[in-house]
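Values quoted throughout were computed directly from the atomic coordinates according to the rules given, and no laboratory measurement underlies them. Here the structure is a predicted model, which means the values were calculated and not measured. Please note: Cβ atoms are built from the backbone with ideal geometry, for glycine as well, and neighbour counts cover all protein chains shown.
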Amino acid sequence: MNNHGNKENGNHNGSHPGAGHLEIQAVSKAYGVGPLRQVVLEDCSLTVESGKLTVIIGPSGCGKTTLINLLAGYDTVDAGTILIDGNPVRGPGRDRLVVFQETALFPWMTTFQNVVYGPQVRGEKHKGNLEAEAMELLRKVGLADFRDKYPTQLSGGMQRRAELVRALINTPKVMMMDEPFRGLDAMTRELMQEYYVRLFEEHRLTNLFVTSEIEEAIFLADRLIILSNRPTKVRTVIEITLPRPREFTMLTSREYLNYKQEALEILHQEAMKAFASGSQAAVADFLEAYSVTRSTEKTEQKP
Amino acid sequence: MTNQPNHHYFLGINLIKLRKQIFSKTTSRGIVAVIAAVILWEICSRLKVPIIGMIPAPSSVIKSLRALLMDTFYWESWVVSFKRVFVGFIVAQIVGIPLGLAMGISRHFRDLTFPIIEIFRPIPPLAWVPTAVIFWPTPEMSITFVTFLGAFFTLVLNILGGVKNVDIRYVRAAKSLGSSNGDIFWRIILPATFPSLFTGMTVGMGITWEVVVAAEMIASRSGLGFLTWRSYIAGDYPVIVIGMISIGVAGYLSSALIRLLGGRLTPWLKII
């Protein structure tokens, strides 16, 4: 690690226009030792541009979650550097907040207590202001009436929304979403995507969104990064220029379908490559890719 | 902590819910079952059915109970046993909770203390009775010490397990949000161990009653255990039954108290 000063603990009030530029340079990460050693990331480089919604998509088990853990500072790189606005990432910090697939809301706190936890422990913000701000955000995601409920009393979708608000109130430089809507039913998922894309379009924080769902990826993204199978590298970056605010009606537009076709072809190639390599995870990847293709047939696209 | 409307609550009990519970079908079935069992017991006793028939009949137990309820010795036995259980239990909390937490948090401290705990833990508390009588100045203190042991080890191990099982996601999220180490301890690790603490307390309370009764039979001249034992020596069989039932009721009341406390401590687990 190098010795740059880390400015992440400085004061920042309000949002950070143009902040949160992430630079991942030649990062490697392996787990285990000896014959159990598994290289997850090898010489992986990518950029997350500030103020944009970058979506990372790739076959399951390709190291997406590892990447998020490294970015969040929960784990350290074996080699390479991760820079946020030019400063190396060191340990967890409120400038990079993650929403995971499984809820990490504190079960012993109510929705409201969870949301104000961050500013409270940092001793920021006047009590009255904080409450007003928290309620404003909760109202936006339709959780105002659930402020005094515990996470176990909320549905999966509500939990994810509460978590989104808990992160957002800290105005992080980067919001990281690790397959946050996985495991939700189709209806809830669509609703969540809508809430999420509205929040993004309003706040314009740098967002990094990891998913394995192609439709979700294109609907949300400004930039779509497709990862190759292990060793994980950037296979392709597609700039998605669909207009904002995003609407679900766009899902039938020619532009959208073209993006989808392009992304699908690359994902399919990757899956086939993995399948040919004979790895065990490859079978799962192939099945996943297959199910994606099938869903295209429904929209009358050639696979 | 929660904004529950207060007019339905008394001592932390939801009165409406309590009323519903008391007048529920489950409760009435339970009452019918108990009455049926008592009648069956009376019949067995009158018919001199082998083994079961040897137990004093409910009618004679009730007759003895009427006399015993007027007897101060009976009530003193309750007070004495309760005092022993609660003093031992509370001291076990005071010593055990910080110890368990410290062991869970600090690897060094755990390495130093765990072997000692593991050597002493398998020794049944009752095996301590002779030693306790020798090294504590009064019999009262020795019995309280033995009840303390009954609750202590279970509690420590439960808390230790609780701390070690705190989900890493909560700690990570708390760190990301800017928590100090103090925040992580007081607002994350501590509440996260409440459920295991509560389990440890419930189990510990059960063991404490087992221990106190046996210890009273061996090394004391007071308490519900002694009352039962004395009745056996004196051949006053109905009082043996009363002693047993009293111990059962005392244990039940203690557990109910712990449940109440546990419910207050972990409000997020109550609601499904």
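Determine the gain in length on full extension of the stretch B:Val91-B:Lys270; use 0.36 nm per residue of separation and subtract their C-alpha separation, reporting nm with one decimal.
Extending this stretch completely gives an extra 61.7 nm.
Each residue of region A:251-268 in order: what ³J(HN,Hα) in whole Hz does its phi give by Karplus 6.51 cos²θ - 1.76 cosθ + 1.60, θ = phi - 60°, with x for Gly and Pro?
So the J values, rounded to whole Hz, are 5, 10, 6, 4, 4, 4, 5, 5, 4, 5, 4, 4, 5, 4, 4, 5, 4, 5.
Excluding residues on the same chain fewer than 8 positions from B:Lys48, give the lysines whose Cα lies under 21 Å from its Cα.
B:Lys63
Any chance you could list the semi-axes, whole Å, largest first, of the equivalent ellipsoid that the Cα gyration tensor gives for the protein assembly as shown, using √(5λ)?
61, 27, 24
Would you mind getting me the FRET efficiency between A:Glu247 and B:Asn14? Use the beta-carbon distance for r and R0 = 56 Å, nearest 0.05.
0.75
In degrees between 0 and 90, to the nearest 10, how far off the longest principal axis of chain B does helix B:58-69 point, with axes built from Cα atoms?
With rounding to tens, the tilt is 70 degrees.
Can you give me the long-range amide H partners of A:Ile56? Hydrogens built in the peptide plane at 1.01 Å from N, cutoff under 5 Å, separation of 5 or more residues or another chain.
A:Phe209, A:Val210, A:Thr211, A:Ile225
What does the charge add up to near A:Asp222, with Lys and Arg as +1, Asp and Glu as -1, over the other residues with Cβ less than 11 Å from its Cβ? The partial results should precede the final answer.
Details: positive: A:Lys52, A:Arg204, A:Arg223, A:Arg244, A:Arg246; negative: A:Glu49, A:Glu201, A:Glu239.
With Lys, Arg at +1 and Asp, Glu at -1, the net is +2.
Which residues among region A:219-238 fall inside the zone where the amide N is under 19 Å from a point 7 Å beyond the Cα of A:His268, along Cα→Cβ?
Only A:226-229, A:235-238 pass the distance filter.
Kindly flag which residue pairs out of A:Lys173/A:Lys260; A:Lys149/B:Lys164; A:Lys173/B:Lys164; A:Lys52/A:Lys173; A:Lys29/A:Lys260 have an alpha-carbon separation exceeding 23 Å in this structure. Walk me through the intermediate numbers first.
Values: A:Lys173/A:Lys260 29 Å; A:Lys149/B:Lys164 27 Å; A:Lys173/B:Lys164 32 Å; A:Lys52/A:Lys173 11 Å; A:Lys29/A:Lys260 31 Å.
Flagged as over cut-off: A:Lys173/A:Lys260; A:Lys149/B:Lys164; A:Lys173/B:Lys164; A:Lys29/A:Lys260.
List the lysines whose alpha-carbon lies under 18 Å from that of A:Lys273, not counting same-chain residues fewer than 8 positions away?
A:Lys233
With a sphere of radius 14 Å drawn around the Cβ of A:Thr236, what net charge do the other residues whose Cβ falls strictly inside it have (Lys, Arg +1; Asp, Glu -1)?
On the way: positive: A:Arg223, A:Lys233, A:Arg235, A:Lys260, A:Lys273; negative: A:Glu239, A:Glu262, A:Glu265, A:Glu270.
Result for the local shell: +1.
Rounded, prolate or oblate, given the Cα gyration tensor of chain B, with a/c below 1.5 counting as rounded?
Oblate shape, in that a/c is at least 1.5 and b/c is the bigger or equal ratio.
For region A:163-174, take each phi angle, set θ = phi - 60°, evaluate the Karplus expression 6.51 cos²θ - 1.76 cosθ + 1.60, and give the result in whole Hz per residue in order, putting x for glycine and proline.
3J(HN,Hα) across region A:163-174, in whole Hz: 5, 4, 5, 4, 6, 4, 5, 8, 5, x, 6, 10.
Ranked by Cβ crowding within 10 angstrom, fewest neighbours first, how are A:Met109, A:Met187 ordered?
Final ranking by Cβ density, sparse to dense: A:Met187, A:Met109.
Using θ = phi - 60° and the Karplus curve 6.51 cos²θ - 1.76 cosθ + 1.60, what whole-Hz ³J(HN,Hα) does each residue of region B:205-222 get, with Gly and Pro shown as x?
Computed from phi, the couplings for region B:205-222 are 4, x, 5, 4, 5, 4, 5, 5, 5, 5, 5, 5, 5, 7, 10, 9, 10, 7 Hz.
Answer with one residue from A:Leu46, A:Ala30, B:Met54: the one whose Cα lies farthest towards the positive end of the charge dipole of the protein assembly as shown, charges on Cβ with Lys, Arg +1 and Asp, Glu -1.
Looking along the dipole axis, the top candidate is B:Met54.
To the nearest 20 debye, what is the magnitude of the charge dipole of the protein assembly as shown about its Cα centre, counting +1 on the Cβ of each Lys and Arg and -1 on the Cβ of each Asp and Glu? Provide the component values of the computation, followed by the final result.
On the way: 59 positive and 49 negative charges, 333 e Å.
Approximately 1600 debye in magnitude.
So which trypsin sites (Lys or Arg not before Pro) in region B:16-113 are both in a DSSP loop and have at most 13 other Cβ atoms within 10 Å of their Cβ?
B:Lys48
Working out 0.36 nm times the residue gap between B:Phe114 and B:Arg66, then minus their Cα-Cα distance, what length gain in nm do you get to one decimal?
So the chain would gain 12.2 nm between B:Phe114 and B:Arg66.
How would region A:144-218 be classified by its alpha-carbon gyration tensor: rounded, prolate or oblate, with rounded meaning a/c under 1.5 and the a/b versus b/c comparison settling the rest?
oblate
Is region A:222-277 best put as rounded, prolate or oblate by its Cα gyration tensor, with a ≥ b ≥ c the root eigenvalues, rounded for a/c under 1.5, and otherwise prolate when a/b is larger than b/c, oblate when not?
prolate
Enumerate by residue number the trypsin sites (Lys or Arg not before Pro) in region A:119-154 meeting two conditions: DSSP loop (anything except H, G, I, E, B), and at most 16 other Cβ atoms within 10 Å of the site's Cβ.
When the trypsin sites (Lys or Arg not before Pro) of region A:119-154 are filtered for loop state and at most 16 Cβ neighbours within 10 Å, A:Arg122 remain.
What is the magnitude of the charge dipole of chain B about its Cα centre, with +1 placed on the Cβ of each Lys and Arg, -1 on the Cβ of each Asp and Glu, and no other charges, expressed in debye to the nearest 20?
The calculated dipole for chain B is roughly 960 debye.
For B:Ile143, B:Ile31, B:Ile105, A:Ile24, which order do you get if you count the other beta carbons within 10 Å of each Cβ and list the fewest first?
With the fewest neighbours first, B:Ile143, B:Ile31, B:Ile105, A:Ile24 line up as B:Ile31, B:Ile105, A:Ile24, B:Ile143.
Of the peptides B:248-261, B:157-170, how do they stack up when ordered by the mean number of other Cβ atoms within 10 Å, highest first?
The most tightly packed comes first, giving B:157-170, B:248-261.
Mind pulling the angle between the C-alpha long axis of helix B:25-46 and the longest principal axis of chain B? Nearest 10 degrees, somewhere in 0 to 90.
40 degrees
Using modelled backbone amide H atoms (1.01 Å from N, in-plane), which distant-in-sequence or interchain residues come within less than 5 Å of A:Ala79's amide H?
Residues meeting the amide H criterion: A:Ser28.
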